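Structure first, commentary second.
The values are calculated or read from the model by the stated rules, or taken from the named source; none is laboratory data. Just so you know, these numbers come straight off a predicted model, no measurement behind them. The accessibility values were calculated without ligands, DNA or RNA, using every heavy atom of the protein model including side chains. Shrake-Rupley method; radii C 1.70, N 1.55, O 1.52, S 1.80 Å.
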Amino acid sequence: MVATHIRLAPRVADPDPQYDDVVADVAAFLRLRAERARAAGIPPERIVLDAGLDLGKTASSPSLCCAPRPPCLAGLPLLLSASNKTFLGVILNLELTERRAASLGAAALGIQWGCRVLRVHDVLGTRRVRDALAAVSAAG
């Protein structure tokens, strides 16, 4: 089960997302959804958390600040869905077809932050990034 943070319904644009602390708010939302899933009988090893980048967040700092970090998300597996996202296009002034390298960079950062599930468009490129990170870590 993937619990994804979203303020409104899927495919409903959030005209003015406001947060006191986007990371804390998203973490609290995901912790609550994880608790509900456990209460419904879903074992923790079947629960994955997704901060929902671009979903009810602005394309600038809130999406970037909301990239998952393990300490705030109860040790459950984390999903990163940054590939080709709008926030990458906005902050780097890239069209959708130009976001491959930015998506790979976001995947590398997500892996370093502890994400273990990634939704990607470039599977081979992302595997190479993962393998390169593992090789450098093993060598160091």
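Listed by position, the strands (runs of 3 or more DSSP E) inside region 1-93 whose residues that are of a type outside the set (S, T, N, Q) and at pLDDT 85 or above number at least 3 are 48-50, 78-80. Restricting attention to region 117-140, the residues that are open to solvent by 70 Å² or more (accessible area, probe 1.4 Å) and not in a helix (DSSP H, G or I) add up to 3. Residues that are among the basic types (K, R) and open to solvent by less than 90 Å² (accessible area, probe 1.4 Å) occur in region 96-116; there is at least one.
Here G140 clears all of (1) modelled with pLDDT under 85; (2) under 25 Å from A24 (Cα atoms) except the condition numbered (2).
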